[in-house]
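What follows is a set of notes on a single structure, which appears directly below.
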Amino acid sequence: MTKKQVSLRLENVTKIFYDKKYNTEVIAVNNSNFEIKPGELITLLGPSGCGKTTTLRMVAGFELPTKGKIYIGNEDVTYLPPNKRDTATVFQSYGLFPHMTVFDNVAYGLKLRKLSKEEIKEKVLSTLDMVGLKDLANRAPSRLSGGQQQRVALARSIIVEPSILLLDEPLSNLDALLREQMRIEIRRIQKSLGITAIYVTHDRVEAMSLSDRIIVMKDGKIIQIGTPNTIYENPNSKFVAGFVGKVAFFDVEVKDIVENKCIIDFRGKILEIPKYESNVEIGSGNVLMARPESLVLKDPKKGLINGKVKINVYLGNTIESFIDTDFGEIMVQIDNPSLKKIYDEGEEISIDIVPELCKILKNED
Ligand code: ATP
């Protein structure tokens, strides 16, 4: 397959749905601005109703923006119908033709483009090979598993060599193990073809493991854009921190800011905590953000927060230890537990903070 790598850009895109009957309006997407580089896979991540699907549908041309512009490469596609844009969409519901074989489903787009029989056969077989379905070309979709059907849907989309691949929660109907396998497959195929892609999900693990960058959305607005690592380690808000991973927040007063460190007094102990976003100011109204792996269990009174082990959840290479404290329940992640001291359920302990692994954020969503 030939590679066509293009960028995608949204400029001040807003979508308002009006309900004339009840005279109400919903701002589904509120002034979105972002650019996806050629060959990049970006995930739209956020809670239900935050505007992910509407954003994707506007890129595909199924919805028109109320305001703003959409560019594929240098071309303004804002008002182009879906079939005039070089995009292909994979839906959660597969959308296969039940009366056609796998081969014919995948061949469909090429037949519309009037390719010769030989060309179609060659392309369909090589695409089926790419998604691991070469041996099932003559099956009916109803005789395939969910994962296999989604592979057919993916093959049908990529065979037409779109410039932009749009994936709307494509793995939601699959069980956990298949989801894991398929997301690796999707990433492998997207990378090998070099297709620019948008992936919609509300599953943070999916977003983290697939994406070059993640766009976190809330109430129609983009809250943060960054690599999975940035979003996880340097979230710009409590909302992003909580949405992309487990986290504990402690109200703190920032005494001073020196270069990129906040000096805080945590229960009588002075700590230097890295600050990421520049909007943190000296004074109260801030929180210390601690991920489960930035907390350590110690003997009673040795750490900063006293507590009692409520329950230990064994996950093989880690233990999640849930601790009752006067800040509420806090989860501490113990990696490589065979090398660590493990406290039993009911035992009095204390929690220490690893300052370098924490962040200071403003106490607002
Ligand atoms: P989910 O994860 O549940 O699919 P989402 O983040 O994809 O959610 P959207 O489907 O884009 O969210 O919806 C954003 C908002 O726009 C929601 O409040 C939704 O109810 C509203 N909305 C979406 N489509 C329409 C429509 N055709 N008419 C009216 N309101 C709509």
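The values are calculated or read from the model by the stated rules, or taken from the named source; none is laboratory data. Model, not experiment: these values are computed from the prediction. Don't worry about glycine lacking a Cβ; one is built from the backbone with ideal geometry, like all the others, and counts go over all protein chains shown. Areas reflect the complete protein model, heavy atoms only, side chains present, ligands, DNA and RNA absent. Shrake-Rupley method; radii C 1.70, N 1.55, O 1.52, S 1.80 Å.
A 1.4 Å probe, protein heavy atoms only, puts the accessible area of K84 near 130 Å². Heavy atoms of the protein chains alone define the surface here; on that basis the chain has 49 Å² accessible area per residue at 1.4 Å probe size. Around the Cα centre of the chain, unit charges on the Cβ atoms of Lys, Arg, Asp and Glu (plus for the first two, minus for the last two) sum to a dipole of about 1520 debye. Legend: P(r) of segment 137-270 from all alpha carbon pair distances, 10 Å bins from 0, whole percents, reading 10, 31, 28, 15, 10, 4, 1, 0.
To one decimal place, what orientation-averaged projected area in nm² is obtained for the convex hull of the Cα set of segment 130-216?
Approximately 5.8 nm², given one-decimal rounding.
The chain: D in µm²/s via Stokes-Einstein (Kirkwood Rh, Cα pairs, 37 °C, 0.692 mPa s)? Taking Rh from Cα pairs, D becomes 142 µm²/s. As a rough guide to protection, the peptides 211-222, 181-192 ranked by mean Cβ packing within 10 Å, highest first, stand as 211-222, 181-192. The accessible surface of the chain, taken with every protein chain in place and a 1.4 Å probe, is 48 percent carbon and sulfur.
Note on segment 68-178: Kirkwood radius taken over Cα pairs, Stokes-Einstein applied at 4 °C and 1.567 mPa s, translational D equal to 87 µm² s⁻¹.
Here the calculated FRET efficiency for R139 and Y71, from their Cβ-Cβ distance with R0 = 41 Å, stands at 0.55, rounded to the nearest 0.05. Taken as Cα centroids, segment 208-245 and segment 183-202 sit 18 Å apart, rounded to the nearest whole angstrom.
Pairs of Lys residues in segment 82-214 that lie 8 or more places apart, or on two chains, and have C-alpha atoms under 22 angstrom apart add up to 11. Rg and Dmax of segment 193-289, both derived from C-alpha coordinates alone, stand at 15.9, 56 Å. The loop-placed chymotrypsin sites (Phe, Trp or Tyr not before Pro) in segment 1-83, going by DSSP, that have at most 11 neighbouring Cβ atoms within 10 Å of their Cβ come out as Y22, Y79.
For segment 13-79, what is the Kirkwood hydrodynamic radius in Å, using each pair of distinct C-alpha atoms?
On the way: mean 1/r = 0.0771 Å⁻¹.
One over the average 1/r among Cα pairs gives 13.0 Å for segment 13-79.
Dividing the radius of gyration of the alpha carbons in segment 206-365 by their Kirkwood radius gives 0.98 for Rg/Rh.
Here the translational diffusion coefficient of segment 249-296 follows from Stokes-Einstein with Rh set to the Kirkwood radius across Cα pairs; for 25 °C and 0.890 mPa s it amounts to 222 µm²/s. Compared with the alpha-carbon gap, the fully stretched path from T227 to N31 is longer by 68.4 nm at 0.36 nm per residue. The order of R151, R113, R204 by accessible area, most exposed first and with a 1.4 Å probe, is R113, R204, R151. Cross-link reach is defined here as a Cα-Cα straight distance under 12 Å, omitting same-chain residues fewer than 8 places apart; for K341 the aspartates and glutamates meeting it are D299.
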